[in-house]
Amino acid sequence: FALKRKFFKLFLELSQNISDHSAEIINTSTGEDSGSGLLILKYEGKNYLFITGNLVTDEDLKTISDSVEHINSLNRDQMREYKRKQIKLEETGEKNCLGLIQIALISGHDLDIKAIKDENNQTFLIFSAEISKDI
C-alpha cells in the first residue's frame, strides 16, 4: 500500500510540475491553458524510475538546477526544515521549490536533471526521480 501511495503522490507532483511550469502551453478540451510535456514510468532493477520531459525557459532552468543541487545536498531532516521555510515563502507569494522538495521526500533518492538545447535554441528539461520497490 505504501508503494501505491508513493506512486500516486509522485505522479501528481510531477504532472503538476509539467502543467504549471512547461514553456510549451496547450489549450485543453475544457478551454484551459496547461503546460505540455511527457511522463514516463520505467522499472529498472529494484527501482521505479519516473522521467518527465518538457520545454523550460532559461530562467526556469537556472532556478530548477539551483534548487535540485541544493535539495540533493540536504539530508532528510534538513529537507523538512527547508520545506517549512519554503511554505512561508509560498504564503507571501514568493517563488519556492515546494514541489521539488516534496518529490525528493517522497522518493527518498536524489533528484536528477538534464537539459538539452534543440536546434531552435529551446531547452528541453529531462527530470527523473526514483522509488525503491522495496519500501
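Note down all Cβ pairs under 8 Å where the first residue falls in segment 88-107 and is under 21 Å from Ser128 (Cβ atoms), the second is in a helix (DSSP H, G or I) and of a type in the set (Gly, Ala, Ser), and they're at least six residues apart or on different chains.
Cys97/Ser67; Leu100/Ser67
When Ala115 is evaluated against the numbered criteria (1) part of a strand (DSSP E or B); (2) over 14 Å from Ser67 (Cα atoms); (3) in contact with an Asp or Glu (Cβ under 8 Å, 6 or more places away or on another chain), which criterion, by number, is the only one it fails?
The failed condition is (3).
Filter segment 23-56 down to the residues that are in a loop (DSSP other than H, G, I, E, B) and in contact with a helix residue (DSSP H, G or I) (Cβ under 9 Å, 6 or more places away or on another chain), then identify the one that is nearest to Ser107 (Cα to Cα).
Pass one, segment 23-56, residues in a loop (DSSP other than H, G, I, E, B): 23-24, 28-32, 36-37, 45-46.
Narrowing further to those that are in contact with a helix residue (DSSP H, G or I) (Cβ under 9 Å, 6 or more places away or on another chain): 23, 36-37.
Working: Ala23: 25, Ser36: 23, Gly37: 21 Å.
In this case the residue turns out to be Gly37.
Determine which single condition Thr63 fails, assuming it passes every other condition in (1) surrounded by 12 or more Cβ atoms within 10 Å (Cβ to Cβ); (2) over 22 Å from Asp134 (Cα atoms); (3) modelled with pLDDT under 95; (4) touching an Asp or Glu at 6+ places or on another chain (Cβ under 9 Å).
With respect to (1) surrounded by 12 or more Cβ atoms within 10 Å (Cβ to Cβ); (2) over 22 Å from Asp134 (Cα atoms); (3) modelled with pLDDT under 95; (4) touching an Asp or Glu at 6+ places or on another chain (Cβ under 9 Å), Thr63 is out only on (4).
Across segment 114-133, what is the total count of residues that are surrounded by fewer than 19 Cβ atoms within 10 Å (Cβ to Cβ) and either among the charged types (D, E, K, R) or within 11 Å of the chain's Cα centre (by Cα) (or both)? If you could, list the steps in order and put the result at the bottom.
So in segment 114-133, the residues surrounded by fewer than 19 Cβ atoms within 10 Å (Cβ to Cβ) come out as 114-124, 126, 132-133.
Next cut, either among the charged types (D, E, K, R) or within 11 Å of the chain's Cα centre (by Cα) (or both) only: 114, 117-119, 126, 133.
Number satisfying all stated conditions: 6.
The values are calculated or read from the model by the stated rules, or taken from the named source; none is laboratory data. Small disclaimer: the values here were computed from a predicted structure and weren't measured. With ideal geometry, Cβ positions are generated from the backbone for all residues, glycine too; neighbour counts draw on all protein chains shown.
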